[in-house]
Amino acid sequence: MTSTISPAGATSAAGPQHPHAGPDAGPAGTANPAPRWTHYAFGNQARWVRPSAAGLLVATAVLYLWNLAATGYGNSFYAAAIQAGTKDWTAFLFGSLDAGNAITVDKPPAALWIPALAGRIFGFSALSMLVPEALMGVAAVGFLYLAVKRVSGPAAGLLAGGALALTPVAALMFKFNNPDAMLTLCLVLAAYFTTRAIERAGWKWLVAAGAVIGLAFLTKMLQGFLIVPALGLAYLWAAPTSIGRRMAHLLGALGGIIVVAGSYVALFQLTPASERPYMAGSTTNSFLELTFGYNGLARITGSGEGMPGGGAGGAADAAGGPAGGFGGGNSGFGGAAGLLRMFGTSFGGEVSWLLPAALILLVAGLWFTRREVRTSPSRASLILWGGWLLVTAGVFSFMSGIVHPYYSVALAPAIAALVGIGAVGLWRGRAYWPARIVLAATVLGTSVWSSVLLGRDASWLPWLRVVIIIFGVLAAAAILLRLDAVGTAGRVRRAGAAAVVVVSLLAGGLGAGAWTLATAASAHSGSIPTSGPAGSSAGGFGNRAAGFRGDRTDGRNSTTDSATGTDGLDPTNGFGGAPDGGTDGPGRAGGAGGAGGPGEGTADAAVTALLTGTTTKWSAIVSGASQAASLELATNTNVIALGGWNGGDPYPTLAEFQDMVAKGQIGYFIEGGAGGMGGGRMGGRGGNSEVAAWVQANFQAQTVGSSTVYQLTK
């Protein structure tokens, strides 16, 4: 924290600190003449600040770009939509799953825009899609550093940025193509803008924060609004202006949200349905229905339309969880809902490494700053990041609908910021014994919790748990005994302080760092990726205990992934192996003739060759977006996802399908497929089964490879 923690009325030996003070400034009335290049290189601050910040960003870029090609197409559901956006501007604008603009993905399109633009510029490929995601991670780390630095100084900023970069779920999602990378960047950017706004009651910064929140909504709908209470409360509490102006400025921020988010919603709703794709995840072709239904209240309550299979009960049963929701033992859906969900086997290894420390430091920080003035930047920052953490973690912990462990990447910036602000603040006030005790307990507790998390995979580096505990004990003892103050010479004291800091960082960060490096070194694919080393048995999704096929606990086939690097898309034999599905359902087997694990399907080279040779607007139609997306990527043709992601959306209706067939727009109907555990073998609810029955009654079945297909053209 900016102000040094000390007893009330006392003055720290460190003196008052201001985030913008220039440590290199000479005595009053004097100047430090220096070459102009040093000003550009180092600025009006200590010479280590800018190089260390640059080093943080470079190291983050190396981590997130390292081994990126091994991920291949990652989540083929979004990869197909990005590919479609490189081919057609309408598909780009509305987030269509195919360039023929039949149906969208079940999310807003903002997360697809930057990768699609990169694909248009450089040509669509796995790297043109994934490199922008990695760079979003670098940008998120950079803006988090800047936000924390403005309040607590560069050391706190570096600690916060490093903590975010080395959070396992961050390394997972910034090397993947789900919408969460874009969402996290938007949230961090909004927090940075709000931090700037609080400094001088700058309404323009606050409106900019609102605009970025609007973009977050267009990335992942209502999840983008979870940090709004924290941002609003921090500004309302601490901005240095009257309460009336603060309220007016917050209304301006609301206007920023409405302009960005509302303009797109209006564009979608006012565009004639015949000129845009169908809105997946809705029953009425409505963006608003998707917002408040499948991607809204259904996520909270675990019921309603839009759940996999058209309802929560059946999907939960199929997933091995209790009927009516996904809060049961299935780790792919977050495990049991409750206060400790973020620490459980599902979420724990993703994001909770520093969560206990963040909570301790939040409480300690609010206590130690309780007597500061209302406009205290330190307390405002704690309100902002603490509110972000508590609201988001609370929603994730108690929601009964669809929730996946990788959603927790939205918690990582808040946890990292609180650790950076709190740890550096306590370190500055270590001469004050309560601060010293809290800091020592935090370091020791973090090392113990890291050991517990590592112990969930007892076969992976078992010695590391012991080393971390040893570091934790040593660091706590050194902090309590003030070993940094041993000796009288300044050089000795600085060396002692540096040693204590290094041991403390190892105690608190070695476990998470090792897990993160293992995550970065592993290929990831499928609809529900998880962090950790290849073959890890800690949590994850797709293990036999959860009732799904596969040797891995994250639902990946490590042999196939490492061999092809393309999510089961064999570059030689085309579509085959283990494609994934959309982001919000575990996806059952099926598709072009086979069975699979979570979000997987199988087909053979014969189906790929058949569709590649078509000249119709859509090469085929198959139930569920999982199979349609993988076939699109394998054949570079347009494939209609009958019923959307889960096979249960009422698109196309029988009349619409018959019209497409009459116009010769669809080449083949591929029997089988189903989306996220939805529907039956020949389609989901409503009109989908009617489509399948009509095809069977009017067209001749033929076997292509291992699949049954119907030729719809003459």
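The values are calculated or read from the model by the stated rules, or taken from the named source; none is laboratory data. Just so it is clear, the model here is predicted, and its values are computed rather than measured. When we count neighbours, we look across all protein chains shown, and the Cβ atoms used for this are built from the backbone with ideal geometry, even at glycine. Accessible surface is based on the protein model in full, side chains and every heavy atom, while ligands, DNA and RNA are left aside. Shrake-Rupley method; radii C 1.70, N 1.55, O 1.52, S 1.80 Å.
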**Prompt:** Of the accessible area of the range 124-248, with the probe set at 1.4 angstrom, what percent is carbon plus sulfur?
**Reply:** 74 percent
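Taking a probe of 1.4 Å, how large is the accessible area per residue of the range 414-499, in Å²? Each step should come with its number before you reach the end.
Numbers: 3810 Å² over 86 residues.
Dividing the accessible area of the range 414-499 by its residue count gives 44 Å².
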**Message:** In Å and on Cα atoms, what radius of gyration and Dmax does the range 76-121 show?
**Reply:** 8.6, 26
**Prompt:** What is the range 472-516 by shape, rounded, prolate or oblate, if you read a ≥ b ≥ c off the alpha carbon gyration tensor as root eigenvalues and call it rounded for a/c under 1.5, prolate for a/b larger than b/c, and oblate otherwise?
**Reply:** oblate
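Given the pairs 87/663; 175/204; 87/149; 87/204; 175/663; 107/617, which are separated by over 31 angstrom at their Cα positions?
Values: 87/663 22 Å; 175/204 33 Å; 87/149 42 Å; 87/204 37 Å; 175/663 42 Å; 107/617 24 Å.
Listed pairs above 31 Å: 175/204; 87/149; 87/204; 175/663.
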**Request:** Please find the FRET efficiency linking residue 69 to residue 48, where r is the Cβ-Cβ separation and R0 is fixed at 35 Å, and quote it to the nearest 0.05.
**Result:** 0.50
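Measure off, as a whole percent, the carbon and sulfur share of the 1.4 Å-probe accessible area of the range 483-526, all protein chains present.
Values: 1400 of 1920 Å².
Carbon and sulfur: 73 percent of the exposed surface of the range 483-526.
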**Message:** Given the whole protein assembly as supplied and a 1.4 Å probe, what does the accessible area of residue 127 come to in Å², nearest 10?
**Reply:** 80 Å²
**Message:** If you roll a 1.4 angstrom probe over the protein chains with everything in place, what fraction of the accessible area of the range 389-454 belongs to carbon and sulfur, to the nearest %?
**Reply:** 77 percent
